[in-house]
1. So, with +1 on the Cβ of K and R and -1 on the Cβ of D and E, and no other charges, what is the size of the charge dipole of the chain about its Cα centre, to the nearest 20 debye?
2. Compare the Cα positions of GLN200, ASN189, ALA132 along the charge dipole of the range 92-220 (+1 at Cβ of Lys, Arg; -1 at Cβ of Asp, Glu; about the Cα centre) and return the one farthest towards the positive end.
3. Quick one: length gained pulling ARG11 to THR163 fully straight, 0.36 nm per residue minus the C-alpha distance?
4. Ranked highest first by average number of other Cβ atoms within 10 Å, how do 166-177, 202-213 line up?
5. What residues qualify as long-range amide H neighbours of GLU120, i.e. H under 5 Å apart, gap of 5 or more or another chain, H built at 1.01 Å from N?
6. What's the center-to-center distance, using Cα atoms, between the range 1-65 and the range 154-215 in Å?
7. For the chain, what does the helix formula give at 222 nm: sum of -39500 (n - 2.57) over DSSP H segments with n ≥ 4, over the residue count, nearest 500 deg cm²/dmol?
8. Whole-Hz Karplus ³J(HN,Hα) for the range 58-75, in order, using 6.51 cos²θ - 1.76 cosθ + 1.60 and θ = phi - 60°, x for Gly and Pro?
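Rule-based calculations on the coordinates, nothing more; no lab input. In this text, all values refer to a predicted model and were calculated from it rather than measured experimentally. Glycine gets a Cβ as well: all are built from the backbone with ideal geometry, and neighbour counts include every protein chain shown.
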Amino acid sequence: MDALIAENIQRFKSQLSEKVTLVAVSKTKPVSDIREAYEAGHLDFGENRIQEMVDKYEELPKDIRWHMIGHVQGNKIKYMAPFVHLVHGMDKLKRFKELDKEAAKNERIIDCLVQIHIAEEESKFGFDYEEAWALLEDQPKEKFPSVRIRGLMGMATLTDDQTQVRNEFKGLRQFYDKVRTELAPADFNILSMGMSGDFQWAVDEGSNMVRIGSAIFGKR
Ligand SMILES: *Cc1c(COP(=O)(O)O)cnc(C)c1O
């Protein structure tokens, strides 16, 4: 059974262009599964709960790059601030202030993405385009000196309607391009979109970071 994880990692690596970073989403999966992928040479893992990520961080090799892909609770930022590699789920202005404070305490600059709400579902998190533009335009580097905004993250609607999903990704890609050309923030070069069910469409629409869980580790 387990050897499958290594095989799946290899398959994704050979299938994806080297310009696309694979984040293996290990949420709810045991550390033994992560170790399996790690031993196959994989270093980027995504979790959606801070406490679970901290527990796994403590047990696993320290060169793993931990991605917080879920909704971030402000009062838990302090637990991940010493080690988190990239925070994808920055969905509120308040979070930037909180992350900045905890990053500074740890004498780190923490990389993050601005999460944009591109799906139809109200239950998903994120800024709308206007709010995100306002944040990016308003000197975030000066306001949050210990936070580095590296790009954008979005989750498409959960549907088989390819046209709809592609249009959501296309919209995010266009916004990403607009930020890069008009605001040109330094180090702004990550577009995190695509999961097990829709990563191919996301990559076609310009994603350079995919977050794959079940297609690597099996059903949750
Ligand atoms: C769970 C999760 C994923 C991975 O989902 P799969 O369908 O298992 O690939 C990707 N992104 C986010 C934000 C998630 O919460």
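1. 500 debye
2. With unit charges placed on the Cβ atoms, the residue in question is ASN189.
3. Contour length minus the Cα-Cα distance gives 52.1 nm.
4. The peptides rank, most packed first, as 202-213, 166-177.
5. When sequence neighbours closer than 5 places are left aside, the close amide H contacts are THR157.
6. Answer, in whole Å: 21.
7. It comes out at -11500 deg cm²/dmol, rounded to the nearest 500.
8. Rounded to whole hertz, the list is 5, 8, 10, x, 7, 8, 5, 9, 8, 10, 8, 9, x, 4, 9, 8, x, 6.
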